[in-house]
Amino acid sequence: MGSTEDAEVLALIAAAPELGTPDETDNFLNAMPIPDLASLWCVLQRLSRRDQTSGAWAAKLYFDHLPHAQPDRALDLALEVLRAETDKPTVMQLNDKFMLSLLYGKGDEVIGRIETEAKHNKRLQWLLGGIYFGPDEPFQDRISAIADSKRWQVDDTARRRPKHPLDGAGMSVPELACAWVEQYSKSDRDRDDNFFAMMNYESELREEDPDKAIDLILAILKIETNPALLSLLAAGPLEDVISMETIDRIEREALACKRFHTLLGGVWYYRASDELKARLDALVGENRW
């Protein structure tokens, strides 16, 4: 599916009043033919975090629940994606959660169909090559007997290998801010090992150089205004760097920068010590998101 077709599907979802509540979403998407439902699932895999809408989130929740609620319809969807979608990274997202949820939750109801389909479906054999439960888990032997693990591993390794590996230690703070925005904007489908390299470097900063971690947050605020990404910034890097060792600077930056003060409203700190919680309460006030 091309970008124009993706845009058309997203416009349909954004304009659908039927996605107002979970029940309305279920009714709307349950009535959708499998080919259309599979197209929607594929489009959502390519949707960046900055382009998420309430309708897209509602549809994503539907797909998260589908393997448990309607296992046969979920398997129908997976088979249609395998049949119709030509973009390999999109198809590989079936193994991100969807197929695992189906087999963990309702494996006894679908394993027979899967085995029958896999006899003549090489793409299904390839997809099953990315599923591993462990030696003592139900269905592992049956899945292993029909899976093409070698072919999957070749594609999975290629998908995760970045063209330009990220070297956080060798980057300036403004460069890191741009890299953070780029990596966290990506859909799950488009993430490679650079995303995890960014996460690991953030963790190193929190432990070894919390002042630089705060510098990075401030630099991101200078270049990013998207609410979805700011929510991630508040609930991730900012929340994680707040401690009794950093609270003095947190207070200073909140007084100096209104956007930083606003960002603090997205931090959860109910597990903080009483002293730290009191200072954050005084700082955040009614500014909670």
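The values are calculated or read from the model by the stated rules, or taken from the named source; none is laboratory data. In this text, all values refer to a predicted model and were calculated from it rather than measured experimentally. In this analysis, Cβ positions are derived from the backbone assuming ideal geometry, glycine residues included, and neighbour counts consider all displayed protein chains. Keep in mind that these areas ignore ligands, DNA and RNA; they rest on the heavy atoms of the full protein, side chains included. Shrake-Rupley method; radii C 1.70, N 1.55, O 1.52, S 1.80 Å.
Just add up the charged neighbours of Arg252: K/R +1, D/E -1, any other residue whose Cβ is under 15 Å from the Cβ of Arg252.
Summing Lys and Arg as +1 and Asp and Glu as -1 gives -2.
Here r is the Cβ-Cβ distance between Gln140 and His120 and R0 is 22 Å; the resulting FRET efficiency, rounded to 0.05, is 0.45.
To the nearest 10, the accessible area of Cys178 is 80 Å² with a 1.4 Å probe. GNM remark for the chain: springs join alpha carbons under 10 Å apart, and the peak mean-square fluctuation among Asp155, Asp274, Asp167 falls on Asp274. Among residues other than Lys97 with Cβ under 15 Å from its Cβ, the summed charge is +1 (Lys and Arg +1, Asp and Glu -1).
For His65, the solvent-accessible surface with a 1.4 Å probe is about 110 Å², rounded to the nearest 10. Note on segment 179-289: Rg/Rh from Cα positions, Kirkwood definition for Rh, rounded to two decimals, is 0.96. Here Kirkwood radius over Cα pairs in Å was calculated from the structure, and among (1) 19.7; (2) 22.1; (3) 21.5 it sits at label (3).
Note on Lys212: lysines with a C-alpha under 25 Å away, same-chain residues under 8 apart excluded, are Lys186, Lys222, Lys258, Lys277.
Going by the alpha-carbon gyration tensor, a ≥ b ≥ c the square roots of its eigenvalues, is segment 145-233 rounded (a/c under 1.5) or, if a/c is not under 1.5, prolate (a/b greater than b/c) versus oblate? Prolate is the answer for segment 145-233, as a/c is 1.5 or above and a/b outweighs b/c.
Computed extension gain for Arg288 through Glu109, at 0.36 nm per residue and net of the alpha carbon distance, reaches 59.9 nm. Summed over the residues of the chain and divided among them, the accessible surface reaches 53 Å² per residue at a probe radius of 1.4 Å. Once a ≥ b ≥ c are taken as the square roots of the eigenvalues of the Cα gyration tensor of segment 26-147, is the result rounded (a/c under 1.5), prolate (a/b larger than b/c) or oblate (a/b not larger than b/c)? The shape class here is prolate. For segment 166-289, the relative contact order is 22 percent, taking Cα pairs closer than 8 Å that sit 6 or more residues apart in sequence and dividing their mean separation by the residue count.
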